[in-house]
Amino acid sequence: MRIAFDYQTFVLQSYGGISRYFYELASELATTCGQDVAVFAPLYVNRYLAGAPDKLRVLGMPIPSLPKSGRLYRFANSLLVAPLLKRFRPDIVHESYYASSR
């Protein structure tokens, strides 16, 4: 099964909270359950993704967490993630926060 996790929580949190939960869930699905899992976060501030296991694909790059940049990062990610998702063709898209535009 192809499972895609979106960027929303990974662009908002560097550590802890809900981002830790989604990172652990995606990691376990990829390693223990053998699913094809990818995190689609073209731009992210989350530190867990940098240490992701090889079986968990992280499609994106880390950027610095700058004050008042969250809205800009989320907008850029919303534009960049659509073509990546279309190419991956996931069976499940797991949004990690509330989507306002879908």
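Considering each residue of the range 72-89 in turn, none proves to be small (Gly, Ala, Ser), crowded, with 16+ Cβ neighbours inside 10 Å and not in a helix (DSSP H, G or I). Residues of the range 13-29 that are outside any helix (DSSP H, G or I) and open to solvent by 30 Å² or more (accessible area, probe 1.4 Å): 13, 14, 15.
Residue 54 meets all of the listed conditions (1) more than 25 Å from residue 79 (Cα to Cα); (2) among the acidic types (Asp, Glu); (3) open to solvent by less than 70 Å² (accessible area, probe 1.4 Å) but one, namely (3). Taking first residues from the range 3-18 that are without any contact (Cβ under 8 Å) to a residue 40 or more places away in the chain and partners that are aromatic (Phe, Trp, Tyr), the Cβ contacts under 8 Å between residues at least 6 apart in sequence or on separate chains come to 15/48.
The values are calculated or read from the model by the stated rules, or taken from the named source; none is laboratory data. Note that the structure is a prediction, hence the values are computed from the model and not measured. Neighbour counts run over all protein chains shown; Cβ positions are idealised from the backbone, glycine included. Accessible surface areas use protein heavy atoms only, side chains included; no ligands, DNA or RNA. Shrake-Rupley method; radii C 1.70, N 1.55, O 1.52, S 1.80 Å.
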